[in-house]
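The values are calculated or read from the model by the stated rules, or taken from the named source; none is laboratory data. Given the structure is predicted, the values throughout are model-derived calculations rather than measurements. In this analysis, Cβ positions are derived from the backbone assuming ideal geometry, glycine residues included, and neighbour counts consider all displayed protein chains.
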Amino acid sequence: MSRDWRLSDMANGMERSRILSIAASVREMISQGKEVAPFTVGDFSPSQFDVPTILTDGIIESIEAGETNYPPAAGLPELRASLSSWMKHRYDLDVGPNGIIVGSGARPVLYAAFRLLLEPGDGLAHGVPAWNNHYYVHLNDAIDIPLAGTRESRFLPTASQIKERINEIRVLILNSPLNPTGTCFRFDELQSICEVVLDENKRRFSENIKPVILVYDQVYSTMTAPDVEHIHPVQACPEIYPYTITLDAISKSLTGTGLRLGWMALPPELSPPVVALIGHMGAWPARPIQKAAANLYAKHESLELYFEDLDERIAKRMSILQNRLSALEKYGVHFVKPEGGIYLSTQFDLFEILAVKTNEEIRKWLLDTAGVAIVPFQAFGLEEESGWFRISIGAVSTADIDAAMDRLEGALKSAYDYAHSA
Ligand SMILES: Cc1ncc(COP(=O)(O)O)c(C=O)c1O
């Protein structure tokens, strides 16, 4: 990116989201009438996935009732109360209403969490592949501590990797279900990680050094495959509570990416500076969505029913994808069984068949030849040319998936036959 002398070093060094750049080019192709399945963005097409009507009705009612003035910076008291009761009900996480701070999506509270904890030069550890952490390292002038996942670890960072770097870490951010891989931490994996953090914090306490804080991003927590349970760190290890900040949002769980409501749950004594920061940023959600969500999150049963139905619709798409991709193994296509979220990690090991060297060449070939638009793991910080990609199902119907897989199968067969006839 070219530098502009009028801007700060931070602004000059800021990278544009690679996912959004790919998605923009795909939108352009679709608008030109090309047949492309948009497996790229972590967004939902409202024609495929709808937000609960109780939420949309509540928004309209609130506007009609004149709820158009400033909300309090931390969020409406009734919303903080219903979100805290939901977090306790669903995840055994009890921060009380004062430990909940809302923002306009998960991003502002994520940004606020980093600002709350990091000094320039502090270590920010995160798995790779993962969503957007490398941008936040830059924004906070932090030291990047990437922990590279492998297919064997389901692309999740492990306790032993964390232990190796623990003395450099101030903030450890974990995401489960993980964007981009659709994999989830299991109870024992999370427990071992928490034990590493707690051991280190015991040492730091005695040496008067700031502790490691675990930021747990669980925006896809309600979306799990039928045989998988989402685990919160306090469920695996209750002693981690004072060192944990949890991030959540309706963006994914209620498929309301454009409604902009997220929240942070943290020990309530840490809340005041976050409330001030969200206030200074003006990053609070609009009052009508706060009113409507306060009502919805008090109705645990309605929410559970909505999540069940949503999980079924996701599972249907994942099942078709897995069946269709399984049949492509002979061409070098492999995937990791999806456990949660809306993503499937797939390896298109087409380097030989296509005689190419990079993921980017494979991505372009899949897009141009098969109309399959996907995102390489490089967009999530995993730089190696390994053929791994994220497939997102948020904007496609089951028929779209079948049609895309027909095109893909045909294109792979032709490329394979050509490579083997040469
Ligand atoms: C893991 C993860 N965290 C946070 C976010 C941001 O969510 P929001 O749209 O609520 O800001 C995303 C969005 O894709 C995500 O994948």
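Scanning region 191-230 for residues that are within 16 Å of the ligand (Cβ to nearest atom) and not charged (D, E, K, R) gives 214, 215, 216, 218, 219, 220, 221, 222, 223, 224, 230.
Could you identify the single residue in 168, 189 that is in the same structural domain as residue 120 (by TED's automatic domain parsing) and touching a helix residue (DSSP H, G or I) at 6+ places or on another chain (Cβ under 9 Å)? Full working, then the answer.
Details: 168 fails: touching a helix residue (DSSP H, G or I) at 6+ places or on another chain (Cβ under 9 Å).
Of 168, 189, the one residue that is in the same structural domain as residue 120 (by TED's automatic domain parsing) and touching a helix residue (DSSP H, G or I) at 6+ places or on another chain (Cβ under 9 Å) is 189.
Whenever a residue of region 90-116 is under 14 Å from residue 271 (Cα atoms) and in the same structural domain as residue 294 (by TED's automatic domain parsing), its partners that are crowded, with 24+ Cβ neighbours inside 10 Å and among the aromatic types (Phe, Trp, Tyr), lying with C-beta atoms within less than 6 angstrom and at least six residues away or across chains, give the pairs 100/263; 102/263. Among the residues making up region 319-337, none is closer than 16 Å to residue 182 by Cα and either over 27 Å from the mean Cα position of the chain (by Cα) or assigned by TED's automatic domain parsing to the domain that holds residue 179 (or both).
Tell me the residue from 83, 93, 20, 76 that is buried (at least 18 other Cβ atoms within 10 Å of the Cβ) and within 16 Å of the ligand (Cβ to nearest atom), please. Please lay out each step first, then the result.
Values: 93 fails: within 16 Å of the ligand (Cβ to nearest atom); 20 fails: buried (at least 18 other Cβ atoms within 10 Å of the Cβ); 76 fails: within 16 Å of the ligand (Cβ to nearest atom).
Criteria check complete, one pass: 83.
Scanning region 378-415 for residues that are at pLDDT 95 or above, part of a helix (DSSP H, G or I) and over 22 Å from residue 315 (Cβ atoms) turns up 407, 409, 410, 411, 412, 413, 414, 415. For region 95-139, give me each residue that is under 16 Å from the mean Cα position of the chain (by Cα) and among the β-branched types (Val, Ile, Thr). Across region 95-139, the qualifying residues are 109, 128.
Taking region 233-339 as the region of interest, none of the strands (runs of 3 or more DSSP E) fully inside it holds 2 or more residues being aromatic (Phe, Trp, Tyr), under 19 Å from residue 100 (Cβ atoms) and within 16 Å of the ligand (Cβ to nearest atom).
Within region 161-195, can you find the residues that are under 18 Å from residue 124 (Cβ atoms) and among the aliphatic types (A, V, I, L, M)? Once the filter is applied, which keeps residues that are under 18 Å from residue 124 (Cβ atoms) and among the aliphatic types (A, V, I, L, M), region 161-195 yields 162, 166, 169, 171, 172, 173, 174, 178, 193.
Only residues that are β-branched (Val, Ile, Thr) and at pLDDT 95 or above: list them for region 276-318, please.
289, 314, listed by residue number.
Taking residue 19, is it part of a helix (DSSP H, G or I), β-branched (Val, Ile, Thr) and out of contact with any Gly (no Cβ under 8 Å at 6 or more places or on another chain)? So residue 19 fails the test. Restricting the first member to region 121-145 and to residues that are assigned by TED's automatic domain parsing to the domain that holds residue 179, and the second to residues that are within 16 Å of the ligand (Cβ to nearest atom) and assigned to a helix (DSSP H, G or I), the beta-carbon pairs closer than 6 Å and six or more apart or on different chains are 124/137; 126/133; 129/377; 129/380; 130/380; 136/114; 140/114; 144/137.
Of the residues making up region 101-119, those that are farther than 16 Å from residue 213 by Cα and not β-branched (Val, Ile, Thr) are 103, 104, 105, 106, 107, 108.
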